[in-house]
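Down below is the structure, laid out as structure tokens.
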Amino acid sequence: MKLKFILIILMSITLSACAGKPKPEQVNPSQTAQGQYQQAKDVLDAGLYNRAIELLKAVESRFPFGPLARQVQLDLIYAYHQAGDLPQALASIDRFIRLNPNQPDLDYVYYMRGLTNLKADENAFQEFFGIDRSDRDLSSTRQAFEDFKILLNSYPQSKYAADAKQRMVIIKDQLARHELLVADYYLRRGAFLAAANRGKYVVEFYRDSPLVEQALVIMVESYEKLGLDKLKTDTEQVLRLNFPQNSRFN
């Protein structure tokens, strides 16, 4: 009897919870394309991204070739990104680019691809506590750099260009820092040629980075360990010329 009483109470709680939960907004099949889209857009603007995805996909399925089709695809890209479904966001982006190679909205699409690739490499927990995560794999961050680069080269007058340019500066610093962490790892383990090559990569490809000084130091130390005296002397001269205050000369 006691067990039955408990089950009855649990069923009552469940039913009460269901009764109190608001029903999701339903699609009216008699609505026009514009009406259904506006319904989805209102939900999207309210920040209910998963529900917005459902409604937008319903519009896309029912009106795949209508005048709103491209806008629905753009809104889906944004909704997937905001909902954290990054693989689906990237898939939608690539599909849009493939099907609409000459659309004026491509600047926005490349911008969103850059943001989505950046987000794929983020770790909110680590960044919240200020832990340097430059040692993680940065393949998506590298791709984000290329996405923003395409945006700047192809659409220099885009309203997204300025932000993309700023993000590229930050990304370059992250990538340079990543290379130096790997170089330092090799240096401490006696892989001097690999360490020198990583430092050289920073000097060649991130020459405007403040981390070039550290890269040159790693190269000098690596060449010294390898007994490559000429390379060491040449690199040391470059270091002295550009960074005369470096501790090696004081």
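Structural remarks
- Being free of Cβ contacts under 8 Å to residues at least 12 places away in the same chain, open to solvent by 40 Å² or more (accessible area, probe 1.4 Å) and not in a helix (DSSP H, G or I) is a property that Pro87 lacks.
- Residues considered: Arg177, Arg189. Of these, the only one that is more than 30 Å from Tyr108 (Cβ to Cβ) and open to solvent by 40 Å² or more (accessible area, probe 1.4 Å) is Arg189.
- Checking the stated criteria, Glu54 turns out not to satisfy the condition of being over 30 Å from Lys165 (Cβ atoms), surrounded by 11 or more Cβ atoms within 10 Å (Cβ to Cβ) and modelled with pLDDT under 60.
- Test for Lys159: is it under 17 Å from the mean Cα position of the chain (by Cα) and either closer than 30 Å to Asp107 by Cβ or surrounded by fewer than 14 Cβ atoms within 10 Å (Cβ to Cβ) (or both): no
- Residues of the range 47-69 that are closer than 15 Å to His81 by Cα and either in a loop (DSSP other than H, G, I, E, B) or touching a residue at least 60 places away in the same chain (Cβ under 8 Å) (or both): Gly47, Leu48.
- In the range 28-46, residue farthest from Gln82 (Cα to Cα) [restricted to those that are polar (S, T, N, Q) and crowded, with 18+ Cβ neighbours inside 10 Å]: Gln36
The values are calculated or read from the model by the stated rules, or taken from the named source; none is laboratory data. Since the model is a prediction, treat every value here as computed from it, not as a measurement. Neighbour counts are summed over all protein chains in view; Cβ atoms, including those assigned to glycine, are modelled from backbone coordinates with ideal geometry. The area values use the complete protein model at the heavy-atom level, side chains included, leaving out ligands, DNA and RNA. Shrake-Rupley method; radii C 1.70, N 1.55, O 1.52, S 1.80 Å.
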